[in-house]
Every structure is written in structure tokens, then in C-alpha cells.
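Worksheet for the structure shown next.
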Ligand code: ATP
């Protein structure tokens, strides 16, 4: 069965939305395999976001991800990678579809980074890579 890395990012944890987000994941039927609260250091985030190095939002993104704890989840189920990304909605929470996590709980808070509540791996390869980073 397929696995993915899901993060409830610092904005989701700080706003007390972890339970509501986990409820949607569980209601959809995916299995929680492992779950922990993490305060990632810069080195971990540089690995996780290596593909974005050099982009204008890279530094603000790392600062944001170091601003408080995230919840890291190893999630399993058939087609869970695309299934969770569908639950999450598109990157920009202002325009993410209502009914999705980002669309229902997110908005633009005026910062240089999209505070969009959750992360989900986007392919089998990135899931394996990211699970190795967060659950080594
Ligand atoms: P994630 O990978 O976190 O699930 P995603 O695949 O929708 O989200 P990516 O393009 O991988 O988005 O970007 C990673 C993160 O960087 C986004 O979730 C968001 O927090 C931030 N980000 C992406 N694009 C922008 C942008 N243009 N401006 C500000 N922040 C951005």
C-alpha cells in the first residue's frame, strides 16, 4: 500500500486546527501509521525544500516553518498521495476550492509565504524522500 508524508504546518498547529485536519484525513479512510510533533531545524528544512532553493519565497518559507511546531504524519492507503492532495486543495488558500482543507480553513494573512496549513508529498519518489527526512 502507498504511503505519503503529510505535515500540519505551524499555522495549522498554532490555530488549533490539527484535530479538524486529522478528522478529515481519518473520515476519508486513510490510515495513520506514525505521527509526531516536530520542531524542524534549518538543515531538515533545507533538505525538505531543496527544490525551492533560490526562489523568492524560499527564505520566508523556511522562517515560517521554523516559527513553531508542525505535526508530521506517515499516512497510508491506496492512492493516498493524490487523495491527500485532493483533500488539501490547491496551494493558494485564497482560491483553493471550498470543501478542501486549504479552501475551508485558509486565507491570505499578508505574509511573503503562503500559509496554507498542510503539506502533502506530490509523488511516490518525493514521498519516500520526505518520509526519510521527517521519520529517519
Ligand atoms: P506543498 O508542497 O506544501 O504541499 P504545494 O505543492 O502546493 O504545497 P509547492 O509549490 O511545493 O506547493 O510550494 C511549497 C510551499 O511553498 C507551499 O506550500 C507554500 O507554503 C510556499 N509557496 C509556494 N509557492 C509560493 C509563492 N508563489 N509565494 C509564496 N509562497 C509559496
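Scanning segment 94-116 for residues that are near the ligand (Cβ under 9 Å from one of its atoms), surrounded by 12 or more Cβ atoms within 10 Å (Cβ to Cβ) and not in a helix (DSSP H, G or I) yields a count of 5. Just so you know, in segment 8-33 the residues that are out of contact with any helix residue (DSSP H, G or I) (no Cβ under 9 Å at 6 or more places or on another chain) and surrounded by 13 or more Cβ atoms within 10 Å (Cβ to Cβ) include one that is farthest from residue 82 (Cα to Cα), and it is 14. Within segment 46-78, being within 17 Å of residue 130 (Cα to Cα), within 8 Å of the ligand (Cβ to nearest atom) and assigned to a helix (DSSP H, G or I) holds for 51, 52, 61. Return the pair list, or none, for Cβ contacts closer than 8 Å from residues in segment 115-128 that are more than 21 Å from residue 92 (Cα to Cα) to residues that are part of a loop (DSSP other than H, G, I, E, B) and more than 11 Å from the ligand (Cβ to nearest atom), at least 6 apart or on different chains. From segment 115-128, the pairs are 124/2; 127/2.
Any residue at all in segment 17-27 that's assigned to a loop (DSSP other than H, G, I, E, B), within 21 Å of residue 133 (Cβ to Cβ) and away from the ligand (no atom under 13 Å from the Cβ)? Within segment 17-27, not a single residue is assigned to a loop (DSSP other than H, G, I, E, B), within 21 Å of residue 133 (Cβ to Cβ) and away from the ligand (no atom under 13 Å from the Cβ).
Across segment 34-45, the qualifying residues are those that are away from the ligand (no atom under 15 Å from the Cβ) and assigned to a helix (DSSP H, G or I), and the one among them that is surrounded by the fewest Cβ atoms within 10 Å (Cβ to Cβ) is 43. Within segment 123-135, can one find any residue that is more than 9 Å from the ligand (Cβ to nearest atom), in contact with a strand residue (DSSP E or B) (Cβ under 9 Å, 6 or more places away or on another chain) and not in a helix (DSSP H, G or I)? Within segment 123-135 (the criterion being more than 9 Å from the ligand (Cβ to nearest atom), in contact with a strand residue (DSSP E or B) (Cβ under 9 Å, 6 or more places away or on another chain) and not in a helix (DSSP H, G or I)), the answer is yes, since at least one residue qualifies. Residue check: residue 90 meets all listed conditions (1) part of a loop (DSSP other than H, G, I, E, B); (2) in contact with a helix residue (DSSP H, G or I) (Cβ under 8 Å, 6 or more places away or on another chain); (3) touching a residue at least 24 places away in the same chain (Cβ under 8 Å) but one, namely (3).
Read-outs: derived from the displayed coordinates by stated rules, not from any lab. As the structure is a prediction and not an experimental result, all values here were calculated from the model. Methodologically, a virtual Cβ is constructed for each residue, glycine included, from the backbone with ideal geometry; neighbour enumeration extends over all protein chains shown.
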